[in-house]
Amino acid sequence: MFPLDQLAIGQKAIIESIETDFLPLKLIEMGCLPGNEISLLHLAPFRDPLYLKIDEAHLAIRKDVARYIMVKPLMDD
Amino acid sequence: MIKNINVALIGNPNTGKTSVFNALTGLNQKVGNYPGITVEKKQGSCRLDRITKARILDLPGTYSLNASSMDESVVVELLLNKNDPDFPDVAVVVTDVENLKRNLLLFTQIKDLEIPTVLVINMSDQMQRKGIKIDIEKLEEKLITSVVLVSTRQNSGVEKLKQILIDYRSISTLPILDPTTIDQDYFENLGKAFPNQSLYKLWLVITQDVNFTKLERQKVPDSTQFKTQSQSYLKKLQQRETIKRYQSINQILKETYRVNREEATDLRSKLDNLLIHKFWGYVIFFMILLIIFQAIFDWSSVPMDFIDSSFARMSEWIKTQMPAGILTDLIAEGVVSGLGGIVIFIPQIAFLFLFISILEETGYMSRVVFLMDRGLRKFGLSGKSVVPLISGTACAIPAVMATRNIENWKERLITILVVPFTTCSARLPVYMILISLVIPNDRLLGINYQGLTLMGLYLIGFLMAIVSASILNRLLKSPNKSYFVVEMPNYKLPLLKNVAITVWEKTRSFVVEAGKIILAISILLWFMASFGPGEKFSNAEQIITQQYSNEALNDLELENKIASFKLENSYIGILGKTIEPIILPLGYDWKIGIALISSFAAREVFVGTLATIYSVERDAEETIKTRMAGETRSDGSRLFNLPTGISLMLFYAFAMQCMSTLAIVKKETNSWKWPGIQLFSMTIIAYLSALMAYQILK
Amino acid sequence: MEIFQYTVAIFLGLWALYYLIRKFRPKNKPATVQGCGRGCGC
């Protein structure tokens, strides 16, 4: 388990936990909840911001927020 | 007897809510502002059948009822206020077929307010391509409402929606989520304290300012005891509410929604690989920028020249056709030139919004935000500052308004404060005439000096914006955390109708908003230039005729002399003389002083004012130029020499000489503090750099 | 005719003055309402 910003491009993971006090509610409402699948689609230069697919939603967040999302990578199936 | 019903369109951003609105109302719509705030209010009407007319309100896009921005709070405020004249009889939640799950979150929240709520699933034409199947009947049963599949592209489903709206009374108002499942103790206590009230509504009122503190809320009597809970506790409850809602939505969708991923074709990833590529992404973006600038400065020059000469002709025509008198002069010289000063920008503004709305409709703009965010953040700006910075090259007013979707207040404020540094097109006529006066029309290695100077002025404006942004970034304190969440929508072909309506609306509101201010200022300036105190002004004709009695002047020359003498002694001339000591170190005389003052109406007035001062026909640029070139100082040297020219250009590059922008900044920040700071510091920067340039080059 | 022109011109001038003053005068509505996007020190 590690913070989201260390995920590799194209890797899929499951959200393990989120630090709710530091995440905007909007992010949670867009599906950033423990148990949902998350994958990192693209990174801008300097690995920031991150372009993610969370559940069904495609969105971009900054690294400083991504740090508060802990994920467990899925093995390739 | 026609029956009116209120319909509110609600939905996530990027669901094509506006397309549904346009499909229902066509051009029967008007855009205004909510009183006191700058959130856009779009309203339209639609005849449902012979006896029913719907007033349709297109509410700002929102992801949930837990408002986190001004736009979103408008939605909540309205839905909680039964006494509001716009309070909907029926709510239409617009969702898109691909993101149904996330969209249903908002739907269930609105349903729980016990308002009849219809679900519109938009973009149904995508279903087959994306391999989506929906069991509509079952979905209707589970959500206790009517569900309509709509495709604005194929124009299907809209009629069915109208039929459902006519019969809105038959839609159930049963809620979906029982709030006590979020936190039993909390909500049971709340229910005991306020019996007979909807728990969810109470809860919304209580939590309204958890995310968004500075809201005017309707008061719940004595809700304080429930607010004493710490904010983070309330936020936890909001999260639990979100989780609960998703649980029931997942359950519902499991039975009604099927996606066959195999059938999905992936346009998104193919385009993304190119458009946000670490190298090609930027190349493509700058190419698009080039095209936009090309359109704004090159293509629009044809209609602009036409408008310019038409207004000059109109002014002449009025002078000859109307009976001579003060009103005729006011209309010909004040009103028409004021109007011309606004109308001339229509081509540029229209082109600008044409491109911006196409880029937004296609979904490309979010990719630009993604690409530019990191780079701009270094300077305290956001990826979302890109649109304002591009718009600023046409005019600062739409640029300031375009900052509204930057969530982080500090980043938004910095963007607003620095945007007037970007070279707006009102500076262009000033630069043009000054460059042609003081920069030689020669080439060095095939590069034209004049073109080079113009480019340099654009760069210097942009650089100053970036530098002052990073200074402000250090000075301003912000307790805010980052709230940067950008949805990356699917790529879509833009709908022509949507683009056309956006361009029309934005251009119209620019003309009306900025137009009235510029017009009013032009009228006042005309009065100040046409009247003056004392003998000298009223006896101008006599004085000049006497002074030149032994020179053989023809009538026209004499008239010109009288006009400049009058101007010198008019109120505005006196003002120019008063500030002369301040601007003398910059290399300007009182006549330039007048032009500087009148430039506060709008910068491009500079040329017109100088034309009046040097008493030549308006817009005959060659003659103004020759007159300006011939102007001398008391020591006989040329007034418009290189040092003065450069000094003036720098002054115009940096000074905040635009009352309309100040008015908009005041409106957007709701305080005099920020436009005040802007005016003060930009003027200082302009003054100092002009001073330095003149003193060094002199 | 002269008087007519004067009246209308002065009327226009007064409108311009009134409009600008109204536009630039701080509203005496509760200024706290919108202020900024979020809770912050402004």
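The values are calculated or read from the model by the stated rules, or taken from the named source; none is laboratory data. Here the structure is a predicted model, which is why all the values come from computation and not from measurement. Here Cβ is always computed from backbone atoms with ideal geometry, including for glycine, and neighbour counts include all displayed protein chains. For accessibility, only protein heavy atoms count, side chains too; no ligands or nucleic acids. Shrake-Rupley method; radii C 1.70, N 1.55, O 1.52, S 1.80 Å.
Values as computed for the structure displayed
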quantity: Packing rank of B:96-103, B:193-200, where each peptide gets the mean count of other beta carbons within 10 Å, highest leading; calculated: B:96-103, B:193-200
quantity: log₁₀ of I(q)/I(0) at q = 0.08, 0.09 Å⁻¹ - region B:280-475, Debye sum with one point per alpha carbon; calculated: -0.35, -0.44
quantity: Among B:60, B:311, B:528 - extreme Cα towards positive end, dipole of chain B, charges at beta-carbon; calculated: B:60
quantity: Gain on full stretching of the segment that runs from residue B:575 to residue B:541 - 0.36 nm per residue minus C-alpha separation; calculated: 10.1 nm
quantity: Theoretical FRET efficiency, 1/(1+(r/R0)^6), r = Cβ-Cβ of residue B:317 and residue B:81, R0 45 Å, to 0.05; calculated: 0.30
quantity: Buried accessible area, chains B and A (both chains, 1.4 Å probe, Å² to nearest 100); calculated: 3500
quantity: Estimated FRET transfer efficiency (residue C:8, residue B:698; beta-carbon r; R0 56 Å; 0.05); calculated: 0.70
quantity: Within chain B, helix-based [θ] at 222 nm, where runs of 4 or more DSSP H residues each add -39,500 (n - 2.57), nearest 500; calculated: -18500 deg cm²/dmol
quantity: Rough spin-label spacing in nm, given labels placed 7 Å along Cα→Cβ, for residue B:129 and residue B:192; calculated: 5.7
quantity: Leading residue at positive end of dipole, the protein assembly as shown (Cβ point charges), from B:161, B:294, B:600; calculated: B:161
quantity: Farthest toward positive dipole pole in the protein assembly as shown [+1 Lys/Arg, -1 Asp/Glu at C-beta], among B:677, B:203, B:380; calculated: B:203
quantity: Dimensionless Rg over Rh [region B:1-147; C-alpha; Kirkwood]; calculated: 0.96
quantity: Cα-only radius of gyration and Dmax that characterise region B:515-697, units Å; calculated: 17.7, 61
quantity: Assigned charges on the beta-carbon of Lys, Arg, Asp, Glu; the protein assembly as shown dipole about Cα centre (debye); calculated: 1400
quantity: Calculated FRET efficiency for the pair residue B:556/residue B:298, C-beta based, R₀ 56 Å, to 0.05; calculated: 0.90
quantity: Region B:280-475 - charge dipole about Cα centre, Lys and Arg +1 at Cβ, Asp and Glu -1, debye rounded to 20; calculated: 780
quantity: Average other protein chain Cβ within 10 Å of Cβ, residues B:47-53; calculated: 0
quantity: Per-bin percent of Cα-Cα distances, the protein assembly as shown [10 Å]; calculated: 2, 12, 20, 22, 18, 12, 8, 4, 1, 0, 0
quantity: Most mobile of A:18, A:38, A:28 in a GNM of chain A (Cα contacts under 10 Å); calculated: A:28
quantity: Computed over region B:301-340, Cα set: Rg, Dmax in Å; calculated: 10.7, 35
quantity: Dipole moment magnitude, nearest 20 debye, chain A about Cα centre, only Lys, Arg, Asp, Glu C-beta charged; calculated: 240
quantity: Solvent-accessible surface (1.4 angstrom probe) belonging to residue B:132, in square angstrom, nearest 10; calculated: 10
quantity: Accessible area of region B:515-697 divided out per residue, in Å², using a probe of 1.4 angstrom; calculated: 44
quantity: Fraction of the pair-distance distribution of chain B above 48 Å, Cα-Cα pairs, percent; calculated: 29
quantity: Cubic angstrom per residue, convex hull over Cα atoms of region B:1-268; calculated: 145
quantity: Using alpha-carbon coordinates, inclination of helix B:301-321 to the longest axis of chain B, degrees; calculated: 60
quantity: Residue B:254-residue B:291 pseudo-label distance in nm [points 7 Å out on the Cα-to-Cβ vector]; calculated: 4.7
quantity: Dimensions (Å) - chain A, Cα atoms, principal axes, largest first; calculated: 31, 28, 22
quantity: Shielding score for A:53-66, defined as the mean number of other chain Cβ atoms within 10 Å; calculated: 6
quantity: Within region B:389-428: backbone nitrogen closer than 14 Å to the residue B:231 label point (7 Å, Cα to C-beta); calculated: B:409
quantity: Two-site label geometry, residue B:2 and residue B:43: point separation in nm, points 7 Å out along Cα→Cβ; calculated: 1.5
